[in-house]
Amino acid sequence: MGELSAVISRFPAQELIILRLYARMPEFRSLCEDYATARCALQRWIEDERKAEDFRRLSEEIELEIQELVENSVDWNRH
């Protein structure tokens, strides 16, 4: 569950929501895995500016997807 800690460290205020989504949504688990992989690759290729930028961009795209799911979950729970 290292992928989960990567996401929680990025969005610590939403930890409980992240844990719930991770437990209930296979697509969210997959996003968490992808995010952890992209962050790991970014660290691996940090010295290669071009590759690092690709993985930085990918990480940011996945972060947006995660954030959207978290926000939608919060909105859904309010109604």
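Output the 0 to 90 degree angle, nearest 10, between the alpha-carbon long axis of helix 26-44 and the longest principal axis computed from the alpha carbons of the chain.
30 degrees
Take Phe55, Phe11 and order them by how many other Cβ atoms sit within 10 Å, fewest up front.
So the residues, fewest neighbours to most, are Phe11, Phe55.
Expressed as an acute angle from 0 to 90° and rounded to the nearest 10, what is the orientation of the C-alpha long axis of helix 49-78 relative to the principal long axis of the chain?
Approximately 0 degrees, to the nearest ten.
Over the chain, what is the mean sequence separation of C-alpha contacts under 8 Å (at least six apart), divided by residue count, expressed as relative contact order in percent?
This gives 30 percent for the chain.
On the Cα set of the chain, report Rg and Dmax in Å, please.
In order Rg, Dmax, the Cα atoms of the chain give 13.2, 47 Å.
Every read-out reported here was derived from the displayed coordinates using simple, explicitly stated rules and does not represent laboratory data. This one's a predicted model, so the numbers in the text were calculated from it and none came from an experiment. Reconstructed Cβ throughout: ideal geometry from the backbone, glycine too, with neighbour counts over all protein chains shown.
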